[in-house]
Structures are given as C-alpha cells and as structure tokens.
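The values are calculated or read from the model by the stated rules, or taken from the named source; none is laboratory data. A quick note: this is a predicted structure, and the numbers were derived from the prediction, not measured. With ideal geometry, Cβ positions are generated from the backbone for all residues, glycine too; neighbour counts draw on all protein chains shown.
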Amino acid sequence: MILSDQAIRESIDAGDIVIEPYRDEALGTNSYDVRLGKALAVYKDEILDAKKHNKITPLEIPEEGYVLLPGKTYLGVTYEYTETHKHVPFLEGKSSVGRLGIDIHATAGKGDVGFCNHWTLEISVNQPVRVYEGMPIGQLIYFEVQGDVKTLYSAKGSAKYNVRSTKPMESMMWKNKF
C-alpha cells in the first residue's frame, strides 16, 4: 500500500520518515518531491569494470546550470537527506523531468527500510539538457512493509552506502564477492 500525503505527514511527525529540509509545498497527494543537489560526478575511465573501484571526477552545478550530454553517466544527488524506518521508499522521476529526456535512475529506484542518506541519482539524457541546482528532479513514494524487518539497512554490516554524504557515491559493486 502506498502512503497518502496525510500518512506521510503522520510518519514524519512520528519520526518514521525524516526529510531534511522538509518543505510542506513539496508534499504531493501520495509522494514527496525532491530536488537536485549541487554536486554531480562522472566516471574518470571510459570503460568501467564491475570488479574494480571505478573512480569519479566531482563536478558542481554553477548558477547558470550545467549541460548534461548523451552517452555519459552522470551521478547526481538529492538536495534532501532522507531516512525511512518503517517504510520502503521508491524514488521515481517527475514527469516534467522525463519529458525533457532525463532519466534519474537506471536500476536503483527502491530504497531499503533503514536507508538514511541523500539519494545518489544515475542520470542519463537523450539529448543535451541544462540542469540546475534545486530543480525538482524526482518524487519519493513510500510503501508499507508487511511483517517485521529483521535488520534495517543502516544496521547491516554489508551495507555499502551508509556514510552520510551530500556528494554522489560511485558504484561499490567491487566490494561484492563474485
């Protein structure tokens, strides 16, 4: 079941959902709008290797915006820091963003119960698009979990994205054993 605006607000008041900074005008009927943070990153190497630590080059979005180009993976970050302690958060792109040809995640749209951080975005575009810090970029939708959660993401020893950061985080696939 998806949480309504009233259920999201009640969960925030109860401390089950944390959104910093919270803006009441960003609360939709059954979602919460998040904005693009200032930090972007691109991978240094043209060929990425799933078994190696692929380094990134940090970028910042200037006041006049930053032009994203097709054929490149950009890592972005939400301006908002979020926590969820009882619900499964899903991050989806806003339709206005999609209509500009911007995809904000390739595969990582679902968070885990216990995820506490800014969201790293996997941004790609179909044609050059100028983006700006603070522009609406996505919406968080919260689902109820049925049953008790044994281990929150924030308590998992194997969790790779627990360090709070306002910067996008590169893939940590290389930490997996395969």
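Observations on the structure shown:
Listed here are the residues, each with its yes/no results for (1) of a type outside the set (Val, Ile, Thr); (2) in contact with a Pro (Cβ under 8 Å, 6 or more places away or on another chain); (3) over 22 Å from residue 143 (Cβ atoms).
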residue	(1), (2), (3)
1	yes, no, no
5	yes, no, no
12	no, no, no
32	yes, no, no
41	yes, yes, yes
46	yes, no, yes
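- Condition broken by residue 82, with the remaining ones in (1) within 28 Å of residue 156 (Cα to Cα); (2) of a type in the set (Ser, Thr, Tyr); (3) without any contact (Cβ under 8 Å) to a residue 24 or more places away in the chain satisfied: (3)
- Scanning segment 154-178 for residues that are over 22 Å from residue 41 (Cβ atoms), at pLDDT below 85 and not charged (D, E, K, R) gives 154, 155, 157, 158.
- Restricting 152, 91, 121, 75 to those that are more than 14 Å from the chain's Cα centre (by Cα) and in contact (Cβ under 8 Å) with a residue 40 or more places away in the chain reduces the list to 152.
- Matching strands (runs of 3 or more DSSP E) fully within segment 103-178 where at least 1 residues are of a type in the set (Ser, Thr, Tyr) and in contact with a helix residue (DSSP H, G or I) (Cβ under 7 Å, 6 or more places away or on another chain): 136-144
- Residue in segment 126-146 that is surrounded by 13 or more Cβ atoms within 10 Å (Cβ to Cβ), touching a Lys or Arg at 6+ places or on another chain (Cβ under 9 Å), closer than 20 Å to residue 57 by Cα and touching a residue at least 60 places away in the same chain (Cβ under 8 Å) present: yes
- Identification of strands (runs of 3 or more DSSP E) wholly contained in segment 8-85 with 1 or more residues that are surrounded by fewer than 12 Cβ atoms within 10 Å (Cβ to Cβ) yields 17-20, 56-60, 66-68.
- Members of segment 76-112 found to be under 14 Å from residue 36 (Cα atoms) and aliphatic (A, V, I, L, M), listed by number: 77, 91, 97, 102, 104
- Taken together, 40, 140 contain a single residue that is under 30 Å from residue 1 (Cα atoms) and at pLDDT 95 or above, which is 140.
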